[in-house]
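First comes the structure, then the notes that go with it.
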Amino acid sequence: YNTFWLALIVFLIFFFIMSKTFTGRHIYAVGSNVDAARLSGVDVVKTTIKVYVVSSVCCWIVGLILCAQAGMGNMEAGNMYEMYGVAGVIGGVSPLGGAGILLGTFAGAGLWQTLENGLNMIGAQVGMQRIVIGVIVVGAVLLSELRAHKK
């Protein structure tokens with residue numbers, strides 16, 4: 001319950017950063033085309049380092065939350081969580097970078113969690129859950145690529 005509010009606060013902070021600040025525009029520019037961003041005056045190295053540092057801090061926060069929920073550290077606690085990072089593709093974020101909105105990522109993560117909960121409720125085995133969600137992710141990536149090549 002409290003993790004929902006924490007996630008909402010983090011979402012609002014990043015939504016503001018990505019949509020209202022120069023740093024957010026620079027992140028989109030670097031993600032879209034590094035050379036064009038560099039020629040536009042964006043410090044690509046500094047922007048990339050910022051993104052990796054913020055990503056690391058977010059991973060640290062998630063690790064603390066997982067430890068708090070489990071009551072201890074567990075090496076398997078985050079197993080397969082890297083797949084949640086792919087949830088943004090379902091929400092319309094381009095796997096090529098530089099396109100998409102944070103709200104789409106939030107929607108993709110919500111859809112991902114709904115699918116996972118629904119498959120758990122119907123008693124689907126873990127392997128089948130991963131196959132179903134994997135097929136959906138591959139389909140979303142293919143659709144994203146098709147849209148990118150159509151333009």
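Inside the range 1-53, can you point out the residues that are of a type in the set (Ser, Thr, Tyr) and either in contact with an Asp or Glu (Cβ under 8 Å, 6 or more places away or on another chain) or open to solvent by 90 Å² or more (accessible area, probe 1.4 Å) (or both)? It would help to see each step written out before you state the result.
Of the range 1-53, the ones of a type in the set (Ser, Thr, Tyr) are 1, 3, 19, 21, 23, 28, 32, 40, 47-48, 52.
Result: 1, 40, 52.
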**Request:** State whether one or more residues within the range 54-73 are touching a Cys at 6+ places or on another chain (Cβ under 7 Å) and either loosely packed, with under 15 Cβ neighbours inside 10 Å or farther than 18 Å from residue 102 by Cα (or both).
**Result:** yes
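Determine whether residue 54 is over 21 Å from the mean Cα position of the chain (by Cα) and among the β-branched types (Val, Ile, Thr). Break it down stepwise before answering.
On the way: over 21 Å from the mean Cα position of the chain (by Cα): no; among the β-branched types (Val, Ile, Thr): yes.
It is false that residue 54 is over 21 Å from the mean Cα position of the chain (by Cα) and among the β-branched types (Val, Ile, Thr).
The values are calculated or read from the model by the stated rules, or taken from the named source; none is laboratory data. A quick note: this is a predicted structure, and the numbers were derived from the prediction, not measured. Using ideal geometry, Cβ is built from the backbone for each residue, glycine included, and neighbour counts are taken over all protein chains shown. Surface accessibility is based on the protein's heavy atoms, side chains included, excluding ligands, DNA and RNA. Shrake-Rupley method; radii C 1.70, N 1.55, O 1.52, S 1.80 Å.
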